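In what follows, a structure is listed as structure tokens, so that the remarks can point back to it.
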Amino acid sequence: MENSDKPAFTTVGYGEQGTYLQEGLTKREYFASKAMQGFLSYGKMHISKIPNESIILADELLKQLEQ
């Protein structure tokens, strides 16, 4: 997935050293965090499964978006 390591929210910053990019979370990390938030709010999944399932869901979303 070529899209997964791209930043979800790139911002431009201005400092004493000039202009710089602040990349933050990757799209994969962002999508996984949103999936994790959903799983936690639903409350029906064992907590030990949530991180792995969140990553699987994020990867599937990225794969579908590449099509």
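FYI, it's all coordinate maths here, none of it is from the lab. Since the model is a prediction, treat every value here as computed from it, not as a measurement. Counting neighbours? That spans all protein chains shown, and the Cβs are built from the backbone with ideal geometry, glycine included.
Listed values, structure above:
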read-out: Nearest-20 debye value, the chain charge dipole, Cβ charges on Lys, Arg, Asp, Glu; value: 320 debye
read-out: Integer Hz, Karplus 6.51/-1.76/1.60 couplings in order for the stretch 4-9, x for Gly and Pro; value: 5, 8, 6, x, 6, 9
read-out: In order through the stretch 47-62: 3J(HN,Hα) via Karplus (6.51 cos²θ - 1.76 cosθ + 1.60), integer Hz, x for Gly, Pro; value: 4, 5, 8, 4, x, 5, 5, 5, 5, 4, 5, 4, 5, 5, 4, 4
read-out: Stretch gain in nm, segment Glu2-Thr19, where the contour uses 0.36 nm per residue and the Cα spacing is subtracted; value: 3.5 nm
read-out: Lysine pairs meeting the criterion (Cα under 17 Å, 8 or more apart or interchain), as found in the chain; value: 7
read-out: Among (i) 35; (ii) 24; (iii) 42, the entry derived from the coordinates for percent of Cα pairs over 20 Å apart; value: (iii)
read-out: Farthest toward positive dipole pole in the chain [+1 Lys/Arg, -1 Asp/Glu at C-beta], among Leu57, Gly18, His46; value: His46
read-out: Within a Gaussian network of the chain (alpha carbon springs, distance under 10 Å), most fluctuating of Gly15, Gly43, Gly24; value: Gly15
read-out: For the chain, the longest site-free run once GluC sites (Glu not before Pro) in DSSP loop states with at most 16 other Cβ atoms within 10 Å are removed; value: 24-67
